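The values are calculated or read from the model by the stated rules, or taken from the named source; none is laboratory data. The shown structure was predicted, so the numbers you read here are calculated from the model rather than taken from an experiment. All Cβ positions, glycine included, derive from the backbone under ideal geometry; neighbour counts span all protein chains shown. Heads up: the accessible areas ignore ligands, DNA and RNA and are worked out on the full protein's heavy atoms, side chains in. Shrake-Rupley method; radii C 1.70, N 1.55, O 1.52, S 1.80 Å.
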Amino acid sequence: MSSPDTTGGTARRGFLTSAAGAAGALALAGWTATAPSGASTPTGTTAGTAVGSATGTRPFRGRHQSGIIDHPQPYAAFVAFDLHPDVDKDALRRLFVVLTDDIERLMAGRGSLTDQETELAAVSADLTITVAVGARLVALAGATPPSWLAPLPAFSIDRLEERWGGGDLCLQVCASSPTTVAHAQRRLIAGLVTLASVRWVQRGFREPFEGPGRPMRNLLGQVDGTIQPAVNGPDDDLLWCGASAPAWLRDGSALVVRRIEMHLDTWDAVDRHSRENAIGRRLDTGAPVTAPAGAPAETAADLFAKDSLGFHVIDDGAHMRRAHATAPHERFLRRPYSYDDVPPPGKTSDSGLIFAAYMADPVRQFVPVQQRLAEKDLLNIWTTPVGSAVFAVLPGAAEGHLLGEALLGL
Ligand code: HEM
């Protein structure tokens, strides 16, 4: 076997002529509007069956990158990088040549150029690798950053740790197999090793058997992800950057990653009624507490309903009330993953939510909601944001083009 090329350089010239990745892989854009309020729910699976398949592929080429509006695969790694200090615009071009080639190959189930474990790569398992950039990378490329590409304002509930924030580049790696995620992550890091070093990695998971009748549940046990914008339709301008964004970002998006710790030890002490009150939804079905027993999660909430004492049935501090959009633009696509790491001494868990959300403009859409939650949200008793980062998600790469081509002005 020839020795692998770890330079990520000239050996990649063939990328422009490589076969189209993910052939025949028009995998599900599995979110459809179903609820009267314009909510969307993930579809595309058979009840009770695993979400993905071992050789499933999702498209790499296209107007938008995969890994955003398609059905969330059960395993994810968010990998943030710092560019080496000597990286200049020419080095950035090499970086995007390497990334484009590696991602196209990996998503198609072929090993990256340096891959010696191609059997692992062959289990494509619905792999998506979504590329997003930070402000420093945009500046190095000589491009104009969108006004929102900066850390979010500080919120009173934040207890941010340096180790979960920032980064010049972020790769969201998602697949139906944890082995596929681990393999892709390592190949991507290897491809970039001369240009960038890993700043942080956040690994997450969802229910592998998610599907109709088995919704996403977070580690507080709640049905999570019911109210979403309708994608592939009227809410597209909430998701994709349009004419008001710099030209290199059109059809791209923004990615907000908040790492939110859950205090499961104190949550354990809370009775079921108080748990439902904190969110404003039932634990069994995920339906609003104003809906009758057995009603589906998508049942419209009655935010005005009052009990016999004149109090709102959905508590004034309930998470769903506080997070609910007060204007049509205060909406975004949530694509969260749970995490579960080693418990510190004296605690039973180090768990929480990797709250990943996509939108066209975080300052306009996300910040007002996060601000309301910081001011008053019963969930704050049991959750603490410990990490925060904002990235600009590149548009998809058309056939024969590089990711980041417009950013570099090529
Ligand atoms: C650990 C932290 C969090 C947990 C456990 C959590 C959990 C939930 C759950 C269970 C729901 C109800 C079901 C649904 O519609 O998905 C919900 C709704 C929602 N959450 Fe969160 N969430 C968290 C953090 C956040 C953050 C940081 C934001 C944004 C700043 C947010 C925004 C929303 C929105 C917009 C809704 C829909 C509200 C509506 O219109 O009904 N959540 N969340």
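Pick out the one residue from 394, 379, 373 that is touching a helix residue (DSSP H, G or I) at 6+ places or on another chain (Cβ under 8 Å), modelled with pLDDT of 95 or more and either more than 9 Å from the ligand (Cβ to nearest atom) or among the charged types (D, E, K, R) (or both).
Details: 379 fails: either more than 9 Å from the ligand (Cβ to nearest atom) or among the charged types (D, E, K, R) (or both); 373 fails: either more than 9 Å from the ligand (Cβ to nearest atom) or among the charged types (D, E, K, R) (or both).
On inspection, the qualifying residue turns out to be 394.
Looking only at the range 302-346, count how many residues are open to solvent by less than 70 Å² (accessible area, probe 1.4 Å), closer than 18 Å to residue 204 by Cα and of a type in the set (D, E, K, R).
Residues meeting the conditions: 3.
Can you tell me which residues in the range 254-284 are more than 9 Å from the ligand (Cβ to nearest atom), open to solvent by less than 40 Å² (accessible area, probe 1.4 Å) and over 30 Å from residue 79 (Cα atoms)?
Keep residues of the range 254-284 that are more than 9 Å from the ligand (Cβ to nearest atom), which gives 254-255, 257, 259, 263-278, 282-284.
Adding the requirement that they be open to solvent by less than 40 Å² (accessible area, probe 1.4 Å) leaves 254-255, 257, 259, 264, 267, 270, 276, 278, 283.
Scanning the range 254-284 gives 270, 276, 278, 283.
Being of a type in the set (A, V, I, L, M) and either more than 14 Å from the ligand (Cβ to nearest atom) or under 21 Å from the mean Cα position of the chain (by Cα) (or both): is that true of residue 297 here?
Numbers: of a type in the set (A, V, I, L, M): yes; either more than 14 Å from the ligand (Cβ to nearest atom) or under 21 Å from the mean Cα position of the chain (by Cα) (or both): no.
So residue 297 fails the test.
Per-residue answers, yes or no, for (1) in a loop (DSSP other than H, G, I, E, B); (2) closer than 30 Å to residue 300 by Cβ; (3) free of Cβ contacts under 8 Å to residues at least 12 places away in the same chain:
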residue	(1), (2), (3)
130	no, no, no
145	yes, no, no
157	yes, yes, no
173	no, no, no
194	yes, no, no
198	no, no, no
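Need the failing condition index for residue 364 against (1) open to solvent by 20 Å² or more (accessible area, probe 1.4 Å); (2) within 10 Å of the ligand (Cβ to nearest atom); (3) outside any loop (DSSP other than H, G, I, E, B), just the number.
If we test residue 364 against (1) open to solvent by 20 Å² or more (accessible area, probe 1.4 Å); (2) within 10 Å of the ligand (Cβ to nearest atom); (3) outside any loop (DSSP other than H, G, I, E, B), just (2) comes out false.
Please find, within the range 330-361, the residue that is farthest from residue 72 (Cα to Cα) out of those that are within 12 Å of the ligand (Cβ to nearest atom) and part of a loop (DSSP other than H, G, I, E, B).
Top of the filtered list is 330.
So is residue 124 assigned to a strand (DSSP E or B), among the hydroxyl-bearing types (Ser, Thr, Tyr) and farther than 24 Å from residue 360 by Cα or not? Give the steps one after another, and end with the answer.
Numbers: assigned to a strand (DSSP E or B): no; among the hydroxyl-bearing types (Ser, Thr, Tyr): yes; farther than 24 Å from residue 360 by Cα: yes.
For residue 124, the condition - assigned to a strand (DSSP E or B), among the hydroxyl-bearing types (Ser, Thr, Tyr) and farther than 24 Å from residue 360 by Cα - is not met.
Any residue that is more than 13 Å from residue 180 (Cβ to Cβ) and either surrounded by 21 or more Cβ atoms within 10 Å (Cβ to Cβ) or of a type outside the set (Lys, Arg) (or both) - is there at least one of those in the range 116-124?
Within the range 116-124, one or more residues are more than 13 Å from residue 180 (Cβ to Cβ) and either surrounded by 21 or more Cβ atoms within 10 Å (Cβ to Cβ) or of a type outside the set (Lys, Arg) (or both).
Identify, from the list 256, 231, 193, 223, the residue that is touching a Ser or Thr at 6+ places or on another chain (Cβ under 9 Å), aliphatic (A, V, I, L, M) and at pLDDT below 95. Talk me through it step by step, then tell me what you get.
On the way: 256 fails: at pLDDT below 95; 193 fails: at pLDDT below 95; 223 fails: at pLDDT below 95.
231 is the lone residue from the list that is touching a Ser or Thr at 6+ places or on another chain (Cβ under 9 Å), aliphatic (A, V, I, L, M) and at pLDDT below 95.
Testing residue 191 on (1) open to solvent by less than 30 Å² (accessible area, probe 1.4 Å); (2) closer than 30 Å to residue 147 by Cβ, one condition comes back false. Which one is that?
Only one criterion is unmet by residue 191, namely (2).
When residues of the range 227-247 are filtered for being surrounded by 15 or more Cβ atoms within 10 Å (Cβ to Cβ), in contact with a Lys or Arg (Cβ under 8 Å, 6 or more places away or on another chain) and either more than 15 Å from residue 396 (Cα to Cα) or among the polar types (S, T, N, Q) (or both), how many remain?
Counting residues in the range 227-247 that are surrounded by 15 or more Cβ atoms within 10 Å (Cβ to Cβ), in contact with a Lys or Arg (Cβ under 8 Å, 6 or more places away or on another chain) and either more than 15 Å from residue 396 (Cα to Cα) or among the polar types (S, T, N, Q) (or both) gives 4.
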